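Have a look at the structure below before the remarks.
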Amino acid sequence: MCRLLRLSILLALVLAFTSIAAAEPKLSVVSPTESETILGTTVKVVVKTSDFELIKAVVPVTEAGKRPDANQPGKGMVHLTLDLLPLAILDQEDTYTFTNVPSGEHQLEVELATNDHSLLSPPVVQVVRFRTVAEQPLPATGAESGAPLLVLFLLASIMIAGGLTLRRKHM
């Protein structure tokens, strides 16, 4: 009976340790959100990872997949691909900013990668579709916007004055 109890405890510990050690990395895109409309040409991407530590890349992208010795379980970087733009890498922060993004529909692919830029197996990837729109200038106010009205007012005043003068001559 005591031996069975010990085996049960040992089995429970092994299962608990295995589930902790086998925690799968998770990835979520905080910003931008699906179908979001972003005003302007700057897109701030914020990601959140769990069971995965972002560490500085030690292998150049040109050597992707060629240095498995550099990989460490549960550690790596985030690859960002916006439309057809070149790959962007998050390896120390959880935020990346794309600038000069043209107006229109966009697709952002965010994927976890190992230290040698190999993608995880199974893949841990999120795809977000969003749109950007150009900022519209505010309507002009103040003296500049009143100039056409001033011209119309002066023309109307001249016409009225001229009409009164013509009327007096006929009387």
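In this rough spin-label picture, where each label sits 7 Å from Cα along the Cβ direction, the Ala70-Val133 distance is 4.3 nm.
The HN-Hα couplings worked out from phi for the range 23-33 by the Karplus form 6.51 cos²θ - 1.76 cosθ + 1.60 (θ = phi - 60°) are 4, 7, x, 10, 9, 9, 9, 6, 8, x, 9 Hz, whole numbers, x standing for Gly and Pro.
Taking every lysine pair in the range 25-133 that is 8 or more places apart or spans two chains, those with Cα atoms closer than 14 Å amount to 4. Annotation for Thr33 and Val58: the two label points, set 7 Å from Cα along the Cα-Cβ direction, are 3.9 nm apart. Using 0.36 nm per residue and subtracting the Cα-Cα separation, the extra length available between Leu85 and Val125 on full extension is 12.7 nm. Estimated at 0.36 nm per residue, the fully extended path between Gln107 and Glu24 surpasses their Cα-Cα distance by 27.4 nm. Were the residues from Lys48 through Asn100 laid out at 0.36 nm apart, the gain over their Cα-Cα distance would be 16.3 nm. Close amide H pairs (under 5 Å, H built 1.01 Å from N) link Ser103 with no residue at least 5 positions away or on another chain.
Every number in this text was worked out from the coordinates using simple rules, so none of it is lab data. Fair warning: this is a prediction, and the values are worked out from it, not measured in the lab. Quick reminder, even Gly has a Cβ in these numbers, built from the backbone with ideal geometry, and neighbours come from all protein chains shown.
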